[in-house]
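We did not get these values from a lab; they are worked out from the coordinates using the rules stated. What you see is a predicted model; the values in this text were computed from it and never measured. With ideal geometry, Cβ positions are generated from the backbone for all residues, glycine too; neighbour counts draw on all protein chains shown.
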Amino acid sequence: MQKKMNYNYAFVFYDVGEKRVQKVFKVCKKYLSHFQKSVFRGEMSPSKLMKLKAELEKVIDKREDFVCIIKLMNDGVFGEEVLENGNMENGESLIL
């Protein structure tokens, strides 16, 4: 029997049709922090994850849209590096 994992951190990124972009954005914004364009991330309980997925499934067109949810046990198990995009203040690079 496979053990069910309880994830508590998630990344969501998407590429959806123009008519649905704002709807998907609003759903993601309810549960996660907006990180960059169509990327969200943040703490996520298992019940919130179920609600997020259910709401997304109501607004996307599964034949045309792409939504990816990366689930992690916590925010301490991954390395992240963000390279400068030209909009940083004081010429600083951001490395997390």
Inset, instruction - Working only within the range 8-18, note down all residues that are under 16 Å from Leu56 (Cβ atoms), in contact with a helix residue (DSSP H, G or I) (Cβ under 9 Å, 6 or more places away or on another chain) and in a loop (DSSP other than H, G, I, E, B). - result: Val16
Inset, instruction - Just give me the residues in the range 19-38 being closer than 21 Å to Glu80 by Cβ and in contact with a helix residue (DSSP H, G or I) (Cβ under 9 Å, 6 or more places away or on another chain), in sequence order. - result: Cys28, Tyr31, Leu32, His34, Ser38
Inset, instruction - Within the range 4-41, work out how many residues are farther than 23 Å from Phe78 by Cα and either hydrophobic (A, V, I, L, M, F, W, C) or under 8 Å from the mean Cα position of the chain (by Cα) (or both). - result: 5
